[in-house]
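What follows is a short report on a single structure.
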């Protein structure tokens, strides 16, 4: 039982479940209702989509496994009680798990891309595997590069749903593009870009915050993270600036696009309040627990915004019923 829990922690099982939810939400809460109100249906089969989600989860799980493999020494300083590799799970097992999960994910992704006629898209999954490996060995110890790479990988999660479905729609309905002079399928694509952008910025902020939390181990082993290179005060200014940027962009999108949708006014008010609370937390932060509270609050904001995609589906269906 202990080993089973350890493996679940190693591959970050709750995060894998969230990845699956994000991809299903992108498909059924954003793309599908926007297609149906225009008289179109999803082109990608449920089976192929399930395999796409499975491949994403497997590659992510492999990435988490290899990250813990290379982070053993730093984790013994930053979070000794939570270390799994070399304490419960042997290092060679973690490495083997990475190879098996990543390879299996790549094979499944390659099959799906070939089956739907978008075989070139498989290069993105190869790039994701390479990036996760390179992050664990090199990028996470460099200024901003590690934060940026993980944020990009997180944004890739909902984006890949559009990269598979939208081209299929354009190929199946060329008459629609010709008649209108533009692709009507760009509309759900823009919404997916918005969701990906949201996840990107919030993940970037959270990764920088985690670097502050792990500062002690990073200093000992010479990791060139933002707080280690520029200090806590500069890092706090960067975090506040990024939250201000996110708050400004989110406000603009809400008043331009989201305010007409049912229930999203409440979401906007709650998220705005939480962002203000983040400003206060970061400005007053002095200890590791303070930044940990900020990181947890960031997760809450992210979850609220992901769950609110369901309100978009309900609003579209109610308005066009």
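Tabulated data
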| read-out | value |
| --- | --- |
| Options 104, 202, 97; residue that is in contact (Cβ under 8 Å) with a residue 12 or more places away in the chain, surrounded by fewer than 17 Cβ atoms within 10 Å (Cβ to Cβ) and touching a helix residue (DSSP H, G or I) at 6+ places or on another chain (Cβ under 7 Å) | 104 |
| Whichever residue in region 125-151 is under 29 Å from residue 45 (Cβ atoms) and out of contact with any helix residue (DSSP H, G or I) (no Cβ under 7 Å at 6 or more places or on another chain) and, among such residues, is surrounded by the fewest Cβ atoms within 10 Å (Cβ to Cβ) | 130 |
| Counted residues, region 164-203 - those being closer than 24 Å to residue 47 by Cα and part of a loop (DSSP other than H, G, I, E, B) | 2 |
| Region 284-313, residues that are more than 30 Å from residue 33 (Cα to Cα), out of contact with any helix residue (DSSP H, G or I) (no Cβ under 7 Å at 6 or more places or on another chain) and modelled with pLDDT of 95 or more | 296 |
| Index of the failed condition, residue 68 passing every other in (1) in contact (Cβ under 8 Å) with a residue 12 or more places away in the chain; (2) over 23 Å from the mean Cα position of the chain (by Cα) | (2) |
| Count of region 84-94 residues which are closer than 20 Å to residue 141 by Cβ and either crowded, with 19+ Cβ neighbours inside 10 Å or in contact (Cβ under 8 Å) with a residue 60 or more places away in the chain (or both) | 2 |
| Region 1-14 residues that are on the phi < 0 side of the Ramachandran plot and surrounded by fewer than 12 Cβ atoms within 10 Å (Cβ to Cβ), paired with ones that are at pLDDT 85 or above and part of a helix (DSSP H, G or I) (beta carbon under 9 Å, 6 or more apart) | 14/8 |
| The lone exception for residue 172 - which of (1) farther than 16 Å from residue 146 by Cα; (2) in contact (Cβ under 8 Å) with a residue 40 or more places away in the chain; (3) surrounded by 14 or more Cβ atoms within 10 Å (Cβ to Cβ) it fails | (3) |
| Every residue from region 18-67 that is over 19 Å from residue 187 (Cα atoms) and either outside any helix (DSSP H, G or I) or touching a strand residue (DSSP E or B) at 6+ places or on another chain (Cβ under 9 Å) (or both) | 45, 65 |
| Evaluation of residue 221 against (1) more than 25 Å from residue 141 (Cβ to Cβ); (2) surrounded by fewer than 22 Cβ atoms within 10 Å (Cβ to Cβ); (3) touching a residue at least 24 places away in the same chain (Cβ under 8 Å) (one fails), failing number | (1) |
| Region 236-263, residues that are outside any helix (DSSP H, G or I) and closer than 18 Å to residue 274 by Cα | 263 |
| Members of region 271-283 that are touching a residue at least 24 places away in the same chain (Cβ under 8 Å) and surrounded by fewer than 14 Cβ atoms within 10 Å (Cβ to Cβ) | 283 |
| Candidates 250, 230, 291 - the one that is surrounded by 19 or more Cβ atoms within 10 Å (Cβ to Cβ) and more than 23 Å from residue 30 (Cβ to Cβ) | 291 |
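The values are calculated or read from the model by the stated rules, or taken from the named source; none is laboratory data. Keep in mind it's a predicted model, so treat the numbers as computed, not measured. All Cβ positions, glycine included, derive from the backbone under ideal geometry; neighbour counts span all protein chains shown.
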